[in-house]
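Taking it in order: structure first as structure tokens, then the write-up.
The values are calculated or read from the model by the stated rules, or taken from the named source; none is laboratory data. Because the structure is a prediction, the values reported are computed rather than measured. Don't worry about glycine lacking a Cβ; one is built from the backbone with ideal geometry, like all the others, and counts go over all protein chains shown. When the accessible area is computed, the model is the full protein with side chains, heavy atoms only, and any ligands, DNA or RNA have been set aside. Shrake-Rupley method; radii C 1.70, N 1.55, O 1.52, S 1.80 Å.
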Amino acid sequence: RLGRLPLATRLGRLSLMLLLALSHALTIPTTLRAHRGNNRIERVRAYWRKDDASPLARRLDKIIAAAPALERPTYQPTPWARSAKANFVLATLRSRLAALRRNVEPPLTGRTTAVPSEPDLGVEWTKDEVGVTLPPEAPIVIFLHTITGTAAQTRWLMAYASSRGWRACTFVRRGHDPSSRLTSPTFNLLGDVSDVQLQLEAVRRAHPRASFLGMVGVSAGSGLLISYLGAAGSATPVGAACAICPAWDVGSAFGAMSEAQPAAERAMLAQIRSRFVRRNERLLRAYDSAAVDACLAAQSLSDLLAAHAPFAMRRRGATGDEYFAAHDPMAVRRNVSVPVLVLNAEDDFVCPASLARPDVIVRDQPGALLLITKSGSHVAFNEGPLGRKSFHTRVSLDFLDAARELAAAEAANSEAGTAELRGVVVPTALGPRPPAAAGERKPRRDGREQGEPGR
């Protein structure tokens, strides 16, 4: 039967069989011992701030009211891939197989949108069967990929968004296009806020009639998401956003990875050296040879992030301390002006939930909804008996759908359509940096104890 199917479909189905077999093999001991106990639904902890004095908090309340599953969400992990490693392997293989399918598909016109005067940046759009039929007014969701990710690896995320009626794209960062080398000596593993600005303007030009704009950051992309929203403030055209497995504290998160998953860190280091440094070594050495040597000599991910600071910050001699300070999302979080969903898992070995700050969310981050699952691993959250569904994609689109419907209702109810419709694709400009914490007015508490789940 497979022989009568198109090549891409055959590859996809055969790859899925291999994926399932490998993932099952990895978890046979656990499955034999505890399969019956693993086939259960997990209650997800939810935290948010109730504050009638905050317009952003009231907006979040309306979003949650429109999607009750967000208030008391549940997650049913795939029974045979419930452990952190098996869950992660299954999700990783799915993204890699999606990338393979994308690469063997016939070339399609209109897949990418160029960023004027910046050949190292790009916007790649989904071209699945549903996505190509969406009307000009379809809402847009932007994916910010992982630290070594590519647009091809987000193919399955974009395809799911299409099935929910969203036109999806991925912002391709400098050096992340496997088909080309850098044209200028700059790349930033955690992403650059000014680059996001340029890519957003390219989106506006490509689809000026889009009805709403959402954004989803994945792993390292979630840090870039918060950094961008905090820098842009109320000037952003983004109407709502989702941060999937953020690190909260980049230095601590990657330091913990060195101890918990040294093999995974070594593999990531080798990939970064090959894809970013050695591939562009001549260009990078002409700019800062000492920084290239430091990148190649780095023995941990934290060391490599510090070593590549001159290329990321576009300044010779830039230090790791300067880089981490400039890329700390927590420093600008108070200036985020749109509702944000944040998702972490307790068994995440890259960005552990122990670094999550429910107390910050409940105390002084109105408009943020934090969900913490017991299992889910790092950007995995596989669901269903065959692991073909994903909790994080489902809950993200639930959140964005509710935010979009709220914005549309507000526009429809406004007098003469004069109310602001946050999320419409319009030009942006970076807003002011958030004020210093000292002297800041203390937000009104809603009576909930610090860290207590929202009800």
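HN-Hα J couplings of segment 196-204 from phi, Karplus 6.51/-1.76/1.60, θ = phi - 60°, integer Hz, Gly and Pro as x?
4, 4, 5, 5, 4, 5, 5, 4, 4
Using amide H atoms built 1.01 Å from N in the peptide plane, name the residues 5+ places from residue 45, or on other chains, whose amide H lies under 5 Å from its own.
The list, which skips near neighbours in sequence, is 372.
Once amide H atoms are built 1.01 Å from N in the peptide plane, which residues 5 or more positions from residue 341, or in another chain, come under 5 Å H to H?
Under 5 Å from the amide H of residue 341 lie the amide H atoms of 241, 242, 243, 369, each far enough along the sequence or on another chain.
Would you mind working out the accessible area per residue for segment 175-263, using a 1.4 Å probe, and quoting it in Å²?
Values: 2530 Å² over 89 residues.
That works out to 28 Å² for each residue.
As a test question: what accessible area, to the nearest 10 Å², does residue 133 have when a 1.4 Å probe is rolled over all protein chains in place?
Surface accessible to solvent at residue 133 totals approximately 100 Å².
Please work out how much length the chain gains when fully extended from residue 40 to residue 198, using 0.36 nm per residue of separation minus the C-alpha to C-alpha distance, in nm with one decimal.
52.4 nm
Can you compute the FRET efficiency between residue 180 and residue 267 using 1/(1 + (r/R0)^6), with r the Cβ-Cβ distance and R0 = 25 Å? Round to the nearest 0.05.
In this case the efficiency is close to 0.60.
Amide H neighbours of residue 141 under 5 Å, at least 5 residues apart or on other chains, H built in the peptide plane: list them.
167, 168, 169, 214
When only the heavy atoms of the protein chains count and the probe is 1.4 Å, how do 166, 248 rank by accessible area, highest first?
The ordering from most to least exposed comes out as 248, 166.
Please list 3J(HN,Hα) in residue order for segment 273-279, calculated via the Karplus relation 6.51 cos²θ - 1.76 cosθ + 1.60 where θ = phi - 60°; whole Hz, with x for glycine and proline.
With coefficients 6.51, -1.76 and 1.60, one gets 4, 5, 6, 9, 8, 5, 5 Hz.
Hey, which lysines would be in cross-link range of residue 85, C-alpha to C-alpha under 29 Å, not counting anything within fewer than 8 residues on its own chain?
The qualifying lysines are 374, 389.
Testing the spin-label approximation: label points 7 Å from Cα along Cα→Cβ at residue 299 and residue 129. State their distance in nm.
5.3
Name the residue from 313, 341, 324 whose Cα lies farthest towards the positive end of the charge dipole of segment 308-368, charges +1 on Cβ of Lys and Arg and -1 on Cβ of Asp and Glu.
313
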